[in-house]
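Participant: Before we start, here is the structure in question, set down as structure tokens.
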Amino acid sequence: MRDYNYNSSLNMPYYKVKNGAGIQEIAGLDKTLESLRIRYTDMQEREERALEMRKKAEEELEELKAKRKEEVRDEYVKELEDYIAEQQHSFTISDEKWNEIMKWQKEHVAEKHSYIDKNGEKQPKIAGAIGGRFSYTFVPTSIGIFAKCKCTCGEELDITEDV
Ligand SMILES: [Zn+2]
């Protein structure tokens, strides 16, 4: 024998029947279902809101990442542009060519711009207070850069890099 008996009809209120007497409403089934439904809907809505917020946060993160990437890329492009611009208005001399130039200058000064000191030794004449005996000329053309090193006396050395 069961103490409790529940009306199974969804549309009828819940009744507690004890020992066949004293019928007492404990809760309407429809009310119970309604409150469960509301709680469930609330839960669903909260979950949906949480999901939406997470999705939004993820999108914002992606935007930030993309922006950062763009910034890094812009910085890199700027650096490259600066480098290229610098390359375009500077001229370089290879180590090999530089050694050749130094050798020529030394020989040229010894041969053309030296004097014999009181001890009978050959000494280079100083070319002005701050030097400046040699000048370098670079001539960019469509087929390459022609270069020369020129002494104040007019003598010059072709220093065009071999291609
Ligand atoms: Zn000279």
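Participant: Just checking, does region 120-128 include any residue being surrounded by fewer than 10 Cβ atoms within 10 Å (Cβ to Cβ), in contact (Cβ under 8 Å) with a residue 12 or more places away in the chain and over 42 Å from the mean Cα position of the chain (by Cα)?
Facilitator: no
Participant: I need a count of the residues in region 61-118 that are acidic (D, E) and within 19 Å of the chain's Cα centre (by Cα).
Facilitator: 9
Participant: Now, a different point. Being part of a loop (DSSP other than H, G, I, E, B) and among the aliphatic types (A, V, I, L, M) is true for just one of A127, A147. Which residue is that?
Facilitator: When all the criteria are applied, what remains is A127.
Participant: Using the structure shown, decide if G144 is under 16 Å from K106 (Cα atoms) and either within 49 Å of the chain's Cα centre (by Cα) or within 16 Å of the ligand (Cβ to nearest atom) (or both).
Facilitator: Working: under 16 Å from K106 (Cα atoms): no; either within 49 Å of the chain's Cα centre (by Cα) or within 16 Å of the ligand (Cβ to nearest atom) (or both): yes.
For G144, the condition - under 16 Å from K106 (Cα atoms) and either within 49 Å of the chain's Cα centre (by Cα) or within 16 Å of the ligand (Cβ to nearest atom) (or both) - is not met.
Participant: I need the full set of residues from region 80-104 which are β-branched (V, I, T) and part of a loop (DSSP other than H, G, I, E, B), in order please. Don't jump to the end; show me each part of the working.
Facilitator: Filtering region 80-104 down to residues β-branched (V, I, T) leaves 84, 92-93, 101.
Matches in region 80-104: T92, I93.
Participant: May I ask you to say which residue of Y76, Y6, Y14, Y40 is under 30 Å from I145 (Cα atoms), surrounded by 10 or more Cβ atoms within 10 Å (Cβ to Cβ) and either modelled with pLDDT of 90 or more or not assigned by TED's automatic domain parsing to the domain that holds V139 (or both)?
Facilitator: Residue meeting the stated conditions: Y76.
Participant: I would also like to ask the following. Inspect region 80-87 for any residue being within 12 Å of the ligand (Cβ to nearest atom) and small (G, A, S) and give the result as yes or no.
Facilitator: No, region 80-87 contains no residue that is within 12 Å of the ligand (Cβ to nearest atom) and small (G, A, S).
Participant: When you look at E107, is it more than 16 Å from the ligand (Cβ to nearest atom) and either assigned to a helix (DSSP H, G or I) or free of Cβ contacts under 8 Å to residues at least 24 places away in the same chain (or both), yes or no? Reasoning before the result, please.
Facilitator: Numbers: more than 16 Å from the ligand (Cβ to nearest atom): no; either assigned to a helix (DSSP H, G or I) or free of Cβ contacts under 8 Å to residues at least 24 places away in the same chain (or both): yes.
Answer is no for this residue.
The values are calculated or read from the model by the stated rules, or taken from the named source; none is laboratory data. Please read these numbers as outputs of a predicted model, since none were measured by experiment. Neighbour counts are summed over all protein chains in view; Cβ atoms, including those assigned to glycine, are modelled from backbone coordinates with ideal geometry.
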